[in-house]
Amino acid sequence: MTTYGSFPGTRPRRLRTTPAMRRMVAETRLHPADLILPAFIREGVTEPVPIEAMPGVVQHTRDTLKKAAAEAVAAGVSGIMLFGVPEESKKDALGTAGTDPDGILQVALRDVRAEVGDELLVMSDLCLDETTDHGHCGVLDGQGRVDNDATLERYAEMAQVQADAGAHVVGPSGMMDGQIGVIRDALDQIGREDIAILAYTAKYASAFYGPFREAVGSSLRGDRKTYQQDPANVRESMRELALDLEEGADLVMVKPAGPYLDILAKVADAVDVPVAAYQISGEYSMIEAAAEKGWIDRDRAILETLTGIKRAGAQNILTYWATEFARKLDV
């Protein structure tokens, strides 16, 4: 008589047999509303400028940015995060283009709000690095170091100007101590309690920012290791998280996403506010470059990385593929 006891009684493979089965039992699902599109607006150009290090991404003109925002709405994307690239002649030590009502980022905020209204969350990068001639995220002291408290004064003014220009959400990305509290106070003082703050809570000093420097025409001299987080540290992120929440952050974010999924999972487990992650330029460019070489399947790799980020705990994902991939999602 044949004995079958040596065969497995439990077979997880039964739940992987067909695409319909795998779809039904999927534990993590991506939706267009999970996605936020980062976009660059460059002053003084009449045609979009391709970013060599980020194939498929451009520095927009005012007109093409409005078109990109409308396309994001049509695809079901939730938000657009705007980064302004001023003319070189307008950069200075204080980043005054960042607080000029007619600065390129403020112009873009007004353009996009006029184009999409409240159909798309219009978000603004609140940082000085794109507008300073030294490329740092803050004001420098006499020894060339970033002056935290002097920078906070600039951030407060930036928040008010960006709110006036139409931002629904401001995203302070400079990693200055106390920035969330100062920005919240500045917004409340002008009666803009409705403006949300997306805190760049855990922003690491990463090698993967490289292509972004081209995207924003960075003038950076040196590095940002004295204010962005050390990639070796975990507890530091949780301390930053506690401070941001205490100061009034409405949403929190981990950046970069892929190399820091462990941090993302810890943050998501610890909070009751929405958690975002930024799939940054280097993550984008690696996949595009490998796909161009024929080494990986581009669409599968994009889907896998986005799924991994959401599985780790991100409710929202900033990704340069937001509009493109929102159109492809089976929802």
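Output wanted: per-residue J couplings in Hz (rounded whole) for region 267-278, from phi through Karplus 6.51 cos²θ - 1.76 cosθ + 1.60, θ = phi - 60°, x for Gly and Pro.
Each residue's phi maps through the Karplus curve to give 5, 4, 6, 9, 10, 10, 10, x, 10, 10, 9, 10 Hz.
Hey, if you drop one equal point scatterer on each alpha-carbon of region 162-262 and run the Debye formula without solvent, what base-10 log of I(q)/I(0) do you get at q = 0.17, 0.24 Å⁻¹?
-0.84, -1.28
Which loop-located trypsin sites (Lys or Arg not before Pro) does region 269-331 contain, where loop means any DSSP state but H, G, I, E or B and the Cβ has at most 14 other Cβ atoms within 10 Å?
In loop regions of region 269-331 (DSSP not H, G, I, E or B), the sparsely surrounded trypsin sites (Lys or Arg not before Pro) are K293.
Kindly work out what percent of the DSSP beta bridges joining two residues of the chain are antiparallel, to the nearest 5.
10
Give me the dipole magnitude in Debye, nearest 20, for region 160-309 about the Cα centre, with unit charges on the beta carbon: positive for Lys and Arg, negative for Asp and Glu.
In total the dipole reaches around 560 debye.
Taking the Cα centre as origin and putting +1 on Lys and Arg beta-carbons and -1 on Asp and Glu beta-carbons, what dipole magnitude results for the chain, to the nearest 20 debye?
Dipole size: approximately 2000 debye.
In the chain, which longest range has no chymotrypsin sites (Phe, Trp or Tyr not before Pro) that are both DSSP loop (not H, G, I, E or B) and surrounded by at most 13 other Cβ atoms within 10 Å?
5-294
Using θ = phi - 60° and the Karplus form 6.51 cos²θ - 1.76 cosθ + 1.60, what ³J(HN,Hα) does each residue of region 133-147 get, whole Hz, x for Gly and Pro?
6, 9, x, 7, 7, x, 6, 9, 8, x, 9, x, 9, 6, 8
If amide hydrogens are placed 1.01 Å from N in the peptide plane, which non-local residues have theirs closer than 5 Å to the one on L140?
D147
Report, by chain and number, residues whose modeled amide H sits under 5 Å from the one on I296, excluding near sequence neighbours (fewer than 5 apart, same chain).
Amide H neighbours of I296, under 5 Å, 5+ apart: A291.
So which of K293/K328; K66/K328; K66/K91; K67/K203; K66/K203 end up more than 27 Å apart, counting from Cα to Cα?
From K293/K328; K66/K328; K66/K91; K67/K203; K66/K203, over 27 Å: K67/K203; K66/K203.
Compute the accessible area per residue over the chain, keeping the other protein chains in place, probe 1.4 Å, unit Å².
Counting only protein heavy atoms, the per-residue value for the chain is 47 Å².
Quote the FRET efficiency, to the nearest 0.05, computed for K293 versus D269 with a Förster distance R0 of 25 Å and r equal to the Cβ-Cβ distance.
About 0.10, to the nearest 0.05.
Residue-wise, which Karplus ³J(HN,Hα) couplings in Hz belong to region 251-262, taking 6.51 cos²θ - 1.76 cosθ + 1.60, θ = phi - 60°, and x for glycine or proline?
Residue by residue, region 251-262 yields 9, 10, 9, 10, 8, x, 8, x, x, 10, 5, 5 Hz.
May I ask which residue of V146, L261, M21 lies farthest towards the positive end of the charge dipole of the chain, with charges of +1 (Lys, Arg) and -1 (Asp, Glu) on Cβ and the Cα centre as origin?
My answer, from the dipole projection, is M21.
Going by amide H atoms built from the backbone, whose H comes under 5 Å of the H on L126, apart from near neighbours?
Amide H neighbours of L126: G171, S173.
How large a share of the accessible area of the chain, in percent, is made up of carbon and sulfur atoms when the probe is 1.4 Å and the other protein chains stay in place?
Its accessible area is 50 percent carbon and sulfur atoms.
Quick one: grab Rg to one decimal and Dmax as a whole number for region 38-125, Cα atoms only, in Å.
When restricted to Cα atoms, region 38-125 yields Rg and Dmax of 12.9, 40 Å.
Counting only Cα, what are the radius of gyration and maximum Cα-Cα distance Dmax of the chain, in Å?
For the chain, the Cα-based Rg and Dmax read 21.1, 90 Å.
The values are calculated or read from the model by the stated rules, or taken from the named source; none is laboratory data. Note that the structure is predicted; figures quoted are calculated from it, not measured. Glycine gets a Cβ as well: all are built from the backbone with ideal geometry, and neighbour counts include every protein chain shown. Protein only, heavy atoms only, side chains kept; ligands, DNA and RNA dropped before computing areas. Shrake-Rupley method; radii C 1.70, N 1.55, O 1.52, S 1.80 Å.
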